[in-house]
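J.: Could you have a look at this structure, given as structure tokens, before my questions?
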Amino acid sequence: MTSNEIRQKYLDFFASKGHTIVPSAPIVLKDDPTLMFSNSGMTQFKDYFLGYKAPSSPRIADSQKCLRVSGKHNDLDDVGRDTYHHTMFEMLGNWSFGDYFKKEAIDWAWELLTKEYGISKDDIYVTVFEGDTAEDLARDHEAFDYWLAHVSQERILNGNKKDNFWEMGESGPCGPCSEIHLDLRTPVEKALLPGSELVNQDHPQVIEIWNLVFMEYNRKADGSLEKLPAKHVDTGMGFERLCMALQGKTSNYDTDVFTPLIDKVAQLTGKQYEGILQNDKDTAIRVVVDHIRAVAFAIADGQLPSNTGAGYVIRRILRRAISYSYRFLKAKEPVLFELVEVLATQMGSAFPELVRQQKLISEVVREEEQSFLKTIETGLVRLDHILKETVNLGSKVVSGEAVFELYDTYGFPADLSRIIAEEKSLSIDQEGFEAQMQLQKQRSKKDSKSKVFDWVILENAAQNFVGYDQLSATTQIARYRKVENKDGEFYQIVLTTTPFYPEGGGQVGDNGILIPSYAENFNIDHPEHFDPELSEEVVEVLETRKENNLIISLIKTLPKDPGAVFYAQVKSAARTSTQSNHSATHLLHQALREVLGTHVEQKGSYVGPDYLRFDFSHFSKITPEQLQAIENLVNEKIQSALPLEEFRDIPLQEALSKGAMALFGEKYGDSVRMIQFGSSMELCGGTHVGNTSEIGAFKILAEASAAAGIRRIEAISGGALRAHHQAVEKAMNELSQMLKSKDVLKAVEKLQSENTQLRTELDQLKKEQTKNVLSAWSQEFTRQEGKNLLVKRTSLDSQSVKDIVFTLKSQVENALIVVVSDHGGKPLITVGVSASLEATYAAGSIVKTLSKEIQGGGGGNAGFATAGGKDLSGIERVVEKARLL
């Protein structure tokens, strides 16, 4: 039975029992301040159990994607080291909200496992809650009796409160549970030792497969229990473990949940999986296939890797996978992104978001891999040396300064240093690392300057630029020099003949390649036709600039023989798009002067292959009508198919007398180059189309203020504009389908109306929430030396906190209130002081002192003050200091 069949059989079974089958909730949580990710099957139903929402059906079943990588439930560091821990996993679950209870849950679990899945009853053990005298909770005789109808008594085991009394948290719905365990050992192993002695003993083949939770109590805030008005069932079965059992495997990774991914890893890396636990290669493969699932599902649900919050967690998982792939699978190039297609094919029918977002996921993963692999090799070598030095010194704490040096010099992430250190039972001096980070910000500018070495002269011949007429040329390196900067070591080269246009006049510099002269038929835009044996001889030109009248190209590595003859080739696709945009800026400049007036002058520009930006003098916002007229004029010039008239090396005054526009502040020589398209004439050194028709079309995307008296237009042309139109058309079609209306405008107006109503209702709910918090907090003041102190941490928004603080300090005598909130992901301190205490406890002074802990600042008066900050980790320190006031 395949994993897809196993999942579907589960859902079909409970559908036959009257359950509504619902899709998995997103793995990334947006509206739960207590969790970043769904970490259990019941997460999406929390509101039902807490009474915040009514379920759509009293019986529900699903397969929920879960992620356990942070907080109390964190399996990240265990992944790869055993056969069953995972970051992302599926939880099969069925729920009853005040409908059926223990008997049906137990009967159906038995029926599904033994009849539908065909698991032998001789492999099954179950546990029931043994009771707890301290809580005055009796043994769950009811569950025992129901199980006795299916299982022999010796297979029904007592479980303590830790294992068999499930609680949502410190308060809330809870109740006894029955776990179902499977003994998957061989007959010989079973004969030697009964499975009953291995239940809940972390044996890899005697595993918990399903937990049936019978919620019949509510844990109150004071710790006491009370009966719920209705009884509920919440079950969770580990999908991966179930597949292992049904497919006769001894490891989750041997099931078809993972084998397609493992096979792809083997194909990509040449490393075969043997399933050995104490083996770096096999551990790495387990890490990679597990982590790509977690990352892919998170991105599909909208969470991209980043440096904060949930995005940071996802980046950490991905970098851990890249690290293992690099270190133990010897993958020097991105490979993880190629697993996404396999995953989408394998699980797309159950989770269609993987198919819809497949391209996005692949691209995000690929870019993250490319970025991280650039820094990992040298960093790992250095880190290994640092860790060995730490051990040799008899320490278990790695110097924060050393970790910072690794981060600062090699760009090696401090978090990865921590992970690798922990693998060797070492820790990082985090405070020392943070101190070095602060010092970095205080370094002078001279510390960041590049170190430039002397030129090595190979040829003294004059340089010849041929880039206006051709995109390739046979050439030699006239001179080169080494440059060291914060990004590493590079070489600057000057070619005797160069087709590479240097950055200037707003146009980006060309990039391309240098290859052996005998490979001149190589086409940079079709590298698949290049002889692989020559690939090591290809030198990438990263950028081109002009310095001291020399056109200088930047390369990462120097050719093996710098004195050889080379073939230089520009990336033609980028050049074509760039010159299309450059010619468009000339037409735009003329159109601006015609529509707005001759006061318009160019004040800056950016011309690249993707878009153009044009800054110009103008003192008011351009109206929509003016923008449309400008755009129309540019497109008219494009459609007129105006040929390029180029005047090279003509005297400056001659060009000016012809009507060419010169840019104010630009330095021109005696001889200049003039570009003309019809009546548009400008002095320009950039590259251009041969005819305006080559631009295709022009579209203004944005107009805004760039500075005082300077406006900025951003626009696209050519291929970028075609892609833009296609995207807009697609978006409109999708929007129309989403809104189920051909009249999108009318549908949006309806949504806006509904949104306004919902906002009103939300405001009312916030007022009710504030009222409840106010009532609760008013009872939590502590009497201390003539004052009533209240220190609270909350996720309420700043306005709600302010309202509560002002109300409390007016209602409570001699009140000193400190509230620390993290609403919106940023720390905020709010201090309120009753008038009677202002002479002794000034709110402004208190907040100034406390804000240092969150790297922030603020102010106010003696009665009320606030301070925002950057460092969320300092919130607890603020709370501790506030309690000492």
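The values are calculated or read from the model by the stated rules, or taken from the named source; none is laboratory data. Please read these numbers as outputs of a predicted model, since none were measured by experiment. So basically every Cβ, Gly included, is an ideal-geometry build from the backbone, and we count neighbours across all protein chains shown.
J.: Kindly indicate the residue of the stretch 74-128 that is hydroxyl-bearing (Ser, Thr, Tyr) and out of contact with any Gly (no Cβ under 7 Å at 6 or more places or on another chain) and also nearest to Ile276 (Cα to Cα) among those meeting that condition.
T.: In this case the residue turns out to be Thr83.
J.: May I ask you to list pairs of residues, at least six apart or on different chains, whose Cβ atoms are under 9 Å apart, with the first in the stretch 320-333 being in a helix (DSSP H, G or I) and the second being of a type in the set (Ser, Thr, Tyr)?
T.: From the stretch 320-333, the pairs are Tyr324/Thr283; Ser325/Thr269; Phe328/Thr283; Leu329/Thr269.
J.: Identify, from the list Lys231, Lys271, Lys264, Lys249, the residue that is under 30 Å from Arg327 (Cα atoms) and assigned by TED's automatic domain parsing to the domain that holds His86.
T.: Just a single option satisfies the conditions, and that option is Lys249.
J.: Residue by residue through the stretch 452-472, note down the ones that are farther than 20 Å from Lys560 by Cα and not in a loop (DSSP other than H, G, I, E, B). Full working, then the answer.
T.: Step one: list which residues in the stretch 452-472 are farther than 20 Å from Lys560 by Cα, which gives 452, 460-472.
If the condition is that a residue be farther than 20 Å from Lys560 by Cα and not in a loop (DSSP other than H, G, I, E, B), then Val452, Asn464, Phe465, Ser472 are the ones that fit.
J.: Regarding the stretch 304-315, can at least one residue be identified that is in the same structural domain as Val265 (by TED's automatic domain parsing), in contact with a strand residue (DSSP E or B) (Cβ under 9 Å, 6 or more places away or on another chain) and touching a residue at least 60 places away in the same chain (Cβ under 8 Å)?
T.: yes
J.: Please verify whether Leu558 is touching a strand residue (DSSP E or B) at 6+ places or on another chain (Cβ under 6 Å) and assigned to a loop (DSSP other than H, G, I, E, B), treating the condition exactly as stated.
T.: yes
J.: Another one. Can you tell which of Glu363, Glu389, Glu369 is part of a helix (DSSP H, G or I), of a type in the set (D, E, K, R) and crowded, with 18+ Cβ neighbours inside 10 Å?
T.: Glu369
J.: Restricting attention to the stretch 335-348, which residues are outside any helix (DSSP H, G or I) and under 22 Å from Glu240 (Cβ atoms)?
T.: Gly348
Residues are listed down the side, and each one gets a yes or a no for (1) closer than 30 Å to Ile493 by Cβ; (2) outside the structural domain of Thr687 (by TED's automatic domain parsing):
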{"position": "Arg575", "(1), (2)": "yes, yes"}
{"position": "Leu587", "(1), (2)": "no, no"}
{"position": "Ala591", "(1), (2)": "no, no"}
{"position": "Glu594", "(1), (2)": "no, no"}
{"position": "Gly597", "(1), (2)": "no, no"}
{"position": "Glu601", "(1), (2)": "no, no"}
{"position": "Gly604", "(1), (2)": "yes, no"}
{"position": "Val607", "(1), (2)": "yes, no"}
{"position": "Leu612", "(1), (2)": "yes, no"}
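J.: For the stretch 554-572, does any single residue satisfy the condition of being at pLDDT below 95, out of contact with any Lys or Arg (no Cβ under 7 Å at 6 or more places or on another chain), of a type in the set (Lys, Arg) and within 19 Å of Leu612 (Cα to Cα)?
T.: Within the stretch 554-572 (the criterion being at pLDDT below 95, out of contact with any Lys or Arg (no Cβ under 7 Å at 6 or more places or on another chain), of a type in the set (Lys, Arg) and within 19 Å of Leu612 (Cα to Cα)), the answer is yes, since at least one residue qualifies.
J.: Take the conditions in contact with a Phe, Trp or Tyr (Cβ under 9 Å, 6 or more places away or on another chain), outside any helix (DSSP H, G or I) and in the same structural domain as Ala300 (by TED's automatic domain parsing) and apply them to Phe351. Does it pass?
T.: Answer is yes for this residue.
J.: Taking into account only those residues within the stretch 279-305 that are closer than 19 Å to Arg315 by Cβ and acidic (Asp, Glu), which is surrounded by the fewest Cβ atoms within 10 Å (Cβ to Cβ)?
T.: Among them, the one singled out is Asp301.
J.: Still on this structure, I have one more. Give the residues of the stretch 782-801 that are surrounded by 15 or more Cβ atoms within 10 Å (Cβ to Cβ) and under 17 Å from Ala835 (Cα atoms), sorted by residue number.
T.: Lys787, Asn788, Leu789, Leu790
J.: Given the conditions (1) more than 17 Å from Gln507 (Cβ to Cβ); (2) outside any strand (DSSP E or B), which single one is not true for Ala706?
T.: (2)
J.: Another question, then. Among Val391, Val403, Val398, which is closer than 27 Å to Arg81 by Cβ, of a type outside the set (Phe, Trp, Tyr) and out of contact with any helix residue (DSSP H, G or I) (no Cβ under 9 Å at 6 or more places or on another chain)?
T.: Val391
J.: Here are some residues: Thr83, Thr133, Thr114. Which one is more than 30 Å from Arg319 (Cβ to Cβ), surrounded by fewer than 21 Cβ atoms within 10 Å (Cβ to Cβ), assigned by TED's automatic domain parsing to the domain that holds Glu197 and at pLDDT below 95?
T.: Working: Thr83 fails: more than 30 Å from Arg319 (Cβ to Cβ); Thr114 fails: at pLDDT below 95.
Of Thr83, Thr133, Thr114, the one residue that is more than 30 Å from Arg319 (Cβ to Cβ), surrounded by fewer than 21 Cβ atoms within 10 Å (Cβ to Cβ), assigned by TED's automatic domain parsing to the domain that holds Glu197 and at pLDDT below 95 is Thr133.
J.: Another one. For Trp166, indicate whether it is assigned to a helix (DSSP H, G or I), touching a residue at least 12 places away in the same chain (Cβ under 8 Å) and surrounded by 15 or more Cβ atoms within 10 Å (Cβ to Cβ).
T.: no
J.: May I ask you to verify whether Thr866 is among the β-branched types (Val, Ile, Thr) and either surrounded by fewer than 19 Cβ atoms within 10 Å (Cβ to Cβ) or in a loop (DSSP other than H, G, I, E, B) (or both)?
T.: Against the criterion (among the β-branched types (Val, Ile, Thr) and either surrounded by fewer than 19 Cβ atoms within 10 Å (Cβ to Cβ) or in a loop (DSSP other than H, G, I, E, B) (or both)), Thr866 does not qualify.
J.: Something else about it: Restricting to the stretch 573-616, name every residue that is touching a Gly at 6+ places or on another chain (Cβ under 6 Å) and either within 18 Å of Ile710 (Cα to Cα) or hydrophobic (A, V, I, L, M, F, W, C) (or both).
T.: Within the stretch 573-616, Ser605, Tyr606, Val607, Asp615 meet the criteria.
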